[in-house]
Amino acid sequence: MTQFESRRPEIEAAPAQLAFIAAEKRDGVWKPGRFLEKHPIASVFLLDEDRAVTKAYGLHHALAADAINIAHPATLVICRGGRDDERGLVRYIYRGDNQLDRAPLNEVIGALLGL
């Protein structure tokens, strides 16, 4: 999340919105509720406690060597501007193969600016 904060002006100029989703309960293992209270961020942050969102996008990771009932790390760029028929369209998706695999920051910024 912090890597995106340094690029905030570029992100805010794009016709998309940055949002973070964590497939975890507020008081889960990593205590995301407590973390966000201490370290607020400018972006939307959804705690997908019932995994409904991650399942809807095909990102749920039921079982693997490094994952049990969580989401694949993923980055999506979803249109928020432009024509009505473009709003809500996923224009870019990066789904990590494991819990350390993240989308390259410059690739994400390029997708945002390319909308």
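Here the extension length gained between residue 31 and residue 97 equals 21.4 nm, from 0.36 nm per residue of separation less the Cα-Cα distance. With a cut-off of 14 Å on the backbone N, the residues of region 16-36 near the modelled label site 7 Å out from residue 5 along Cα-Cβ are 35-36. Take the alpha carbon gyration tensor of region 12-85, find the square roots of its eigenvalues, order them as a ≥ b ≥ c, and report rounded if a/c is under 1.5; if not, report prolate when a/b exceeds b/c, else oblate. Verdict is oblate for region 12-85. Counting only DSSP beta bridges with both residues in region 2-113, the antiparallel share comes to about 70 percent. With a simple spin-label model that places each label point 7 Å from the Cα along the Cα-to-Cβ direction, the separation between residue 107 and residue 68 comes to 3.0 nm. Each residue of region 101-115 was assigned a 3J(HN,Hα) from its phi angle through the Karplus expression (A = 6.51, B = -1.76, C = 1.60, θ = phi - 60°), giving 7, 10, 5, x, 4, 5, 5, 5, 4, x, 5, 4, 6, x, 5 Hz with x at Gly and Pro. Distance between the pseudo-spin-label points of residue 90 and residue 49 (7 Å out from Cα toward the beta carbon): 2.5 nm. Ellipticity at 222 nm from helices only: DSSP H runs of n ≥ 4 in the chain, each -39500 (n - 2.57), divided by the residue count, give -6000 deg cm²/dmol.
All of the numbers you see were taken from the coordinates with simple rules; none came from a lab. Bear in mind that the values here come from a model prediction, so they are computed numbers and not experimental data. FYI the Cβ positions are ideal-geometry reconstructions off the backbone, even for glycines, and counts take in every protein chain you see.
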